[in-house]
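Notes for the one structure printed next.
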Amino acid sequence: MSKDIRIKKGLNINLVGAAEPTTTKAALSNVYAINLSDFHGLTPKMIVKEGAEVKAGEALFFNKKVENMMFVSPVSGELIEIERGARRRILNIKILADKTQEQLTHKIPDLAKASAAEIKGFLLKSGCWPFIKQRPYDLIANPETTPKAIFISGFNTAPLAADMDYVLLGKEKELQAALTAISKLSPGSVHVSVSSSSNSPLATMEGIVLHKVSGPHPAGLVGTQINKIDPINKGELVWTISPQDLVIIGEALLTGKFNAERLVALAGSSIKRPQYFKTKIGAEISTFLYASGVHDKKFRVINGDVLTGSRTRPDGHLGFYNATVTAIPEGDDYEFFGWTKPVFDKVSTTRALTFSWLQPKKKYDLNTNTNGEHRAFVVTGQYEEVFPLDIYPLQLLKACMVQDLDEMEQLGLYEVIPEDFALTEFVCISKQPHQKIIREGLDLLYKEIG
């Protein structure tokens, strides 16, 4: 029996260019890359050197703080470059793929009899553990801790995000295997949320507590669901896993192999034929970006969705956790007195002259222009209109900026991660970098309190 959750506060940003439910196999990438910025707070320790031959699923480096946590190669080939930055910090690891695609196979545990320690050992060794994230702090989960519950959001309400119902179609065996295994890692429940209007394969799984969620974005964010189901208090931990990562975990548990395959939604108004591509983690984005054609000469490629993704180049590489790549026009144009005249092609929660409030279902072709400049916070109450968590967003942002640890704790920083503030950042007329502020606040809290 499911438990219904209705989200009232939020904002759906309807953009042109949603991916059509058709799948094309992307061209094979010559070079695959693992970007270390995907693993916030990680201190890596290399296992292999440049020039070494590796198999798909073979460990490349481990977490210096948790030495049995392995990070593996998505493909077989030659490790051709370890790109380093200041103080020899590792930025990227690049593998030149070969044609054999030989995979490393691990001994799989008996899911019916395996203990929590055996499941943890397999996930750590096989390279699947980095898919498990923890709150607070939005870091890779520490296997030496035990969460009070595990949360999985089976849908995504972000603009142009991949349709999880389509992506997960036919993956029932892998999903059930992963859910059976991870349920042994916590004394609490495995909470799975699906859209009340969807037909998700996750809704048929056993051993879970099912929640049907309705409402505007950010209803699909796992942070919103945690806040409504079982909020995080000081001293508590919860773990989260995305549905596509759950499939990789399940396949590893069934076959013993780390399969880095991803179904990626290529979306955005700059794409002529937005659709889904079957590729692998770390693949060159250009291998599927130009296959769909692009409209604009100047466009921005975003590794992820338009609210939380990071800017990248067309020859950049698919992020470790990303299931969406978006391309929208570059907003390098400026309107003279644009704020004084009526406009019909923009979204605003405060400006009546945009008229977007009259057309809630209209789709917009937005670009990257921020339509304003950075300024001090203006108190308008608009953050609270789109922020459904039981938290004061403006006060929490200010507490993070002034580094007031007591206020940060009392105002609920333990419950949130940067993506929870992506929508308030979008509607912010002060153009403040909300996600960056929250990330810095979490880092400070982790450093001082842990």
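The values are calculated or read from the model by the stated rules, or taken from the named source; none is laboratory data. All values reported here derive from a predicted model rather than from experimental measurement. Note that each Cβ is placed from the backbone with ideal geometry, even for glycine, and that neighbours are counted across all protein chains shown. To get the accessible areas, we keep the full protein, side chains included, count just its heavy atoms, and leave off ligands, DNA and RNA. Shrake-Rupley method; radii C 1.70, N 1.55, O 1.52, S 1.80 Å.
Observations on the model:
- Of the residues making up segment 165-210, those that are within 14 Å of residue 149 (Cα to Cα) and under 20 Å from the mean Cα position of the chain (by Cα) are 179, 182, 190, 191, 192, 193.
- On the stretch given as segment 283-308, residues that are part of a loop (DSSP other than H, G, I, E, B) and under 18 Å from the mean Cα position of the chain (by Cα) total 7.
- Test for residue 34: is it within 30 Å of residue 157 (Cα to Cα) and surrounded by 17 or more Cβ atoms within 10 Å (Cβ to Cβ): yes
- Screening segment 91-142 for residues that are of a type in the set (Gly, Ala, Ser) and in a loop (DSSP other than H, G, I, E, B) and picking the one that is surrounded by the fewest Cβ atoms within 10 Å (Cβ to Cβ) gives 112.
- Residues that are more than 27 Å from the chain's Cα centre (by Cα), under 19 Å from residue 317 (Cα atoms) and either touching a residue at least 40 places away in the same chain (Cβ under 8 Å) or not in a strand (DSSP E or B) (or both), drawn from segment 78-90: 80
- In segment 284-295, the count of residues that are closer than 24 Å to residue 92 by Cα, in contact with a helix residue (DSSP H, G or I) (Cβ under 6 Å, 6 or more places away or on another chain), modelled with pLDDT of 95 or more and of a type in the set (Ser, Thr, Tyr) is zero.
- For segment 264-292, a residue qualifies if it is closer than 23 Å to residue 369 by Cα and either open to solvent by 10 Å² or more (accessible area, probe 1.4 Å) or of a type in the set (Asp, Glu) (or both), and the qualifying residues are 269, 272, 274.
- Looking across segment 383-413, just one residue is hydroxyl-bearing (Ser, Thr, Tyr) and either surrounded by fewer than 22 Cβ atoms within 10 Å (Cβ to Cβ) or in contact with a His (Cβ under 8 Å, 6 or more places away or on another chain) (or both), and that is 392.
A quick yes/no check of all residues on (1) in contact with a Ser or Thr (Cβ under 9 Å, 6 or more places away or on another chain); (2) at pLDDT 95 or above; (3) closer than 26 Å to residue 229 by Cα:
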position: 352; (1), (2), (3): no, no, no
position: 380; (1), (2), (3): yes, no, no
position: 419; (1), (2), (3): yes, yes, yes
position: 423; (1), (2), (3): no, yes, yes
position: 445; (1), (2), (3): no, yes, yes
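Matching residues to (1) within 20 Å of residue 168 (Cα to Cα); (2) in contact with a helix residue (DSSP H, G or I) (Cβ under 6 Å, 6 or more places away or on another chain); (3) free of Cβ contacts under 8 Å to residues at least 12 places away in the same chain; (4) not in a loop (DSSP other than H, G, I, E, B):
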residue	(1), (2), (3), (4)
198	yes, yes, no, no
207	yes, yes, no, no
212	yes, no, no, yes
216	no, no, no, no
223	no, yes, no, yes
246	yes, yes, no, yes
254	yes, yes, no, yes
263	yes, yes, no, yes
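- Look at segment 101-121: where a residue is touching a residue at least 40 places away in the same chain (Cβ under 8 Å) and a partner is part of a loop (DSSP other than H, G, I, E, B) and among the hydrophobic types (A, V, I, L, M, F, W, C), sitting 6+ places away or on another chain with Cβ atoms under 9 Å, you get 101/75; 103/258; 104/258; 106/258; 119/111.
- Considering 443, 404, 420, the condition of being without any contact (Cβ under 8 Å) to a residue 40 or more places away in the chain and either within 21 Å of residue 372 (Cα to Cα) or among the acidic types (Asp, Glu) (or both) is satisfied by 404 alone.
- Taken over segment 415-424, the criterion of being closer than 15 Å to residue 443 by Cβ and surrounded by fewer than 22 Cβ atoms within 10 Å (Cβ to Cβ) is satisfied by 418 alone.
Results for (1) touching a helix residue (DSSP H, G or I) at 6+ places or on another chain (Cβ under 9 Å); (2) modelled with pLDDT under 95; (3) over 30 Å from residue 272 (Cβ atoms), shown as yes or no for each residue.
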{"site": "18", "(1), (2), (3)": "no, no, no"}
{"site": "41", "(1), (2), (3)": "yes, yes, yes"}
{"site": "82", "(1), (2), (3)": "no, no, yes"}
{"site": "89", "(1), (2), (3)": "yes, yes, yes"}
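- Listed by position, the strands (runs of 3 or more DSSP E) enclosed by segment 1-71 that each have at least 1 residues that are out of contact with any Phe, Trp or Tyr (no Cβ under 6 Å at 6 or more places or on another chain) and without any contact (Cβ under 8 Å) to a residue 60 or more places away in the chain are 59-63.
- Criterion (surrounded by fewer than 20 Cβ atoms within 10 Å (Cβ to Cβ), touching a strand residue (DSSP E or B) at 6+ places or on another chain (Cβ under 6 Å) and more than 30 Å from residue 218 (Cβ to Cβ)) met by exactly one of 50, 20: 50
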